[in-house]
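To keep things clear, I will list the structure first and then write my remarks on it.
The values are calculated or read from the model by the stated rules, or taken from the named source; none is laboratory data. Keep in mind that what you see is a predicted model, and the values were worked out from it rather than measured. Here the Cβ positions follow ideal geometry from the backbone for every residue, glycine too, while neighbour counts run over all protein chains shown. For the accessible areas, the whole protein counts, side chains as well, though only heavy atoms, and no ligand, DNA or RNA atoms are used. Shrake-Rupley method; radii C 1.70, N 1.55, O 1.52, S 1.80 Å.
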Amino acid sequence: VILMAIFLFVKINVLVENWPSTSITRGVEFGCFLLFIPFLWMIVRDFMQKSSFILSSKNYIERLNSALVHQSHNEALYMGNEEAASRSVTKQIAEVLNADRASIWLYSKDRTSIVCYKLYIKKTDEYLENIELFEKDFQPYFDALKSSDYISADDAEKHPATSCFTESYLKPLGIKSMLDVPIWHRASCIGV
């Protein structure tokens, strides 16, 4: 702002002929211009980054909406074919979120554990199931499931809810982040 003010002050005074156009006034104008270039570059760079972020966010939202529309027409869901529906949902979640894996975990009847109903692994294009995690072994995670709307762990090894998985799950599989969202059925959380 100061550079622009100096530049405009000198330029206006030269234009209205209060001051003569000399090598000093031209030097001040040119110096202000040169010093303004890095600031202008920062503005352009910031604009480009924001534009890129907005574009990638728009593309991401379009992919999510497309996935929702696709799943809303998923015949397996309507026909009660849980096996086919869970395969379709987990695979599409992994693709849309660009995640290595996506899974559906359901609470056991006594709610002391969650059981993997379906786990899709993108790298090998395979499905796993029937893995069980007990609350007694992963207390911070289960406490977070009870008290939070969701768990978003960008750094899963350091997040208070997911750090309990570090040695047994995160490090061996190279998992860096986790996003766990509850599954609601008839006003009750039945899993994640």
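Between the listed residues Ser51, Leu8, Leu179, the Cα displaced farthest toward the positive end of the dipole of the chain, a dipole computed from Cβ unit charges relative to the Cα centre, is found at Leu8.
Each stretch of four or more DSSP H residues adds -39500 (n - 2.57); spread over every residue of the chain, this sum gives -16500 deg cm²/dmol at 222 nm. Share of carbon and sulfur in the accessible area of the chain stands at 63%, probe radius 1.4 Å.
Surface calculation, 1.4 Å probe, protein heavy atoms: Arg26 sits at approximately 120 Å² accessible. Calculated accessible area for the chain comes out at 70 Å² per residue, all protein chains present (probe 1.4 Å; ligands, DNA, RNA ignored).
Each listed q (0.16 Å⁻¹) maps to a log10 I(q)/I(0) for the chain from the Debye sum over equal C-alpha point scatterers, namely -1.11.
Taking the Cα centroid of the range 122-153 and of the range 1-61, what is the distance between the two, rounded to the nearest whole Å? A separation of 53 Å, based on Cα centres.
Our summary gives the range 87-176 a relative contact order of 17 percent, counting only alpha carbon pairs under 8 angstrom and 6 or more residues apart. With a 1.4 Å probe rolled over the protein heavy atoms of all chains, the accessible area of Tyr107, Tyr78, Tyr60, Tyr120 falls in the order Tyr78, Tyr60, Tyr107, Tyr120, largest first. Scalar couplings 3J(HN,Hα) for the range 114-123, obtained by applying the Karplus form with A = 6.51, B = -1.76, C = 1.60 to θ = phi - 60°, are 10, 10, 6, 7, 7, 10, 9, 10, 5, 4 Hz; x denotes Gly and Pro.
When the C-alpha to C-alpha distance is required to be over 24 Å, the pairs from Lys123/Lys171; Lys118/Lys176; Lys123/Lys176; Lys50/Lys91; Lys118/Lys171 that qualify are Lys50/Lys91. Estimated at the nearest 10 Å², the accessible area of Phe39 is 100 Å² with a 1.4 Å probe. Ranked from largest to smallest solvent-accessible area, with a 1.4 Å probe on the protein heavy atoms, Met42, Met178 come out as Met42, Met178.
A compact globular protein would have a Cα radius of gyration near 2.2 N^0.38 Å; the ratio found for the range 31-100 is 1.96. In percent, rounded to a whole number, the relative contact order of the range 40-192 is 13, using alpha-carbon pairs under 8 Å and six or more apart.
Surface listing: Thr162, Thr22, Thr124 arranged by accessible area from highest to lowest gives Thr124, Thr22, Thr162, probe 1.4 Å.
Overall, the chain carries a charge dipole of about 480 debye about its Cα centre when +1 sits on the Cβ of Lys and Arg and -1 on the Cβ of Asp and Glu, all other atoms neutral. Note on Ile190: accessible area is roughly 60 Å² with a 1.4 Å probe, heavy atoms of protein only.
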